[in-house]
1. When the range 151-162 is examined, which residues are found to be in a helix (DSSP H, G or I) and surrounded by 14 or more Cβ atoms within 10 Å (Cβ to Cβ)?
2. So is S175 under 28 Å from Y32 (Cβ atoms) and modelled with pLDDT under 90 or not?
3. Is it the case that S235 is small (G, A, S), in contact (Cβ under 8 Å) with a residue 60 or more places away in the chain, out of contact with any Phe, Trp or Tyr (no Cβ under 8 Å at 6 or more places or on another chain) and in a helix (DSSP H, G or I)?
4. Can you find even one residue in the range 25-38 that is in contact (Cβ under 8 Å) with a residue 60 or more places away in the chain, in a helix (DSSP H, G or I) and surrounded by 18 or more Cβ atoms within 10 Å (Cβ to Cβ)?
5. Filter the range 52-81 down to residues that are at positive phi and modelled with pLDDT under 85 and give me whichever is surrounded by the most Cβ atoms within 10 Å (Cβ to Cβ).
6. For the range 203-226, check the following and say yes or no: at least one residue is in contact with a Ser or Thr (Cβ under 6 Å, 6 or more places away or on another chain), among the hydroxyl-bearing types (S, T, Y), in contact (Cβ under 8 Å) with a residue 60 or more places away in the chain and assigned to a helix (DSSP H, G or I).
7. Where residues in the range 217-253 are of a type in the set (K, R) and more than 14 Å from H192 (Cα to Cα), which of them is nearest to the chain's Cα centre (by Cα)?
8. I'd like the full set of residues that are touching a helix residue (DSSP H, G or I) at 6+ places or on another chain (Cβ under 6 Å) and over 18 Å from N56 (Cβ atoms), limited to the range 249-274.
Amino acid sequence: MKLMFEKVLPTENCSWRYWLYEIEELPFNFHYHPEYEIVLTLNSHGQRYVGDSIENYDDLDLTLIGPHLPHTWCSSQSILGQPQKVYVAQIPVAWLEQLTNMTDLKSLKPLLQLSRRGIVFSKKVAKESATIFKRMKSKSPSERFIGLLAILQLMHDDPKSQVLSSSGYNIAITSDPSTDKLDKIIHYLHEHYTRNLKAEDLAQLVYMSTNHFHRFIKQRTEQTFTELVNQLRISKACSLLINSSMPITTISDNCGFNNISNFNRRFIQFKRMTPSKFRKLYLTRILSS
């Protein structure tokens, strides 16, 4: 699969695009576009891919994605029948950067610069932004514009925001052969994570020596190959723990772990709790909300 280009059309009577997706699951669709994008994901749990960052996410996930930065979210089907919601604001580069040339808004420039590596924000700011996004649905274009500025200001003021992609990842590499190889590796892992994955096989897939492959993965993802695979498998396991009543041993097998002891050890490594405790805590939170 190739990295996909997305054509963005503004909302009617607006200079930018506001949209709400309500869907059963978020498919893996690694793509990019020339616009800045604010993404708020609700009632969803899975993995977020931004540039060379691969992280687990859950409810109230708010990010700012810079122009041409490859990204996607991937989740399982809706939890207890609740639709997953994704609020999106896609803003043309020239429009937003011209806006921040105004003296009043120059303080937003560093935020836009950092967004070229992707930024994730705190739950507090995500919750406040969710309130604004929900109000936008019934508002006029001018009121939506004011809401957009309010969200950008919340992002600017968030002391707990975190940059996602590594400092070595930049827009220039989105069209070089190395990025194509990383995309190919990520897609392969996502489609074959249940198998016995070997670095040697992936190295052959992208025409690298095994040693070069290990260095490449570490440089581009800041994780070892084993860590990358385990993170993906644990994320898939979390989705099954939440969205099914499968026994934990079955989930372990379905997610590519060779034995339950290894699964439990890796789960605790990534989630700081056992699979059974994770299932209990998450379902308790959903039922009480």
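The values are calculated or read from the model by the stated rules, or taken from the named source; none is laboratory data. Note that the coordinates shown come from a computational prediction; the quantities given were computed from them, not determined experimentally. Note that each Cβ is placed from the backbone with ideal geometry, even for glycine, and that neighbours are counted across all protein chains shown.
1. I151, L152, Q153, L154, M155, H156
2. Details: under 28 Å from Y32 (Cβ atoms): yes; modelled with pLDDT under 90: yes.
Yes, satisfied.
3. yes
4. Taking the range 25-38 first, the residues in contact (Cβ under 8 Å) with a residue 60 or more places away in the chain are 26, 28, 30, 32, 36, 38.
Checking which are in a helix (DSSP H, G or I) leaves us with none.
There is no residue in the range 25-38 that is in contact (Cβ under 8 Å) with a residue 60 or more places away in the chain, in a helix (DSSP H, G or I) and surrounded by 18 or more Cβ atoms within 10 Å (Cβ to Cβ).
5. The extreme case among them is L80.
6. No: the range 203-226 contains no residue that is in contact with a Ser or Thr (Cβ under 6 Å, 6 or more places away or on another chain), among the hydroxyl-bearing types (S, T, Y), in contact (Cβ under 8 Å) with a residue 60 or more places away in the chain and assigned to a helix (DSSP H, G or I).
7. Among those that are of a type in the set (K, R) and more than 14 Å from H192 (Cα to Cα), it is R220.
8. T249, I260
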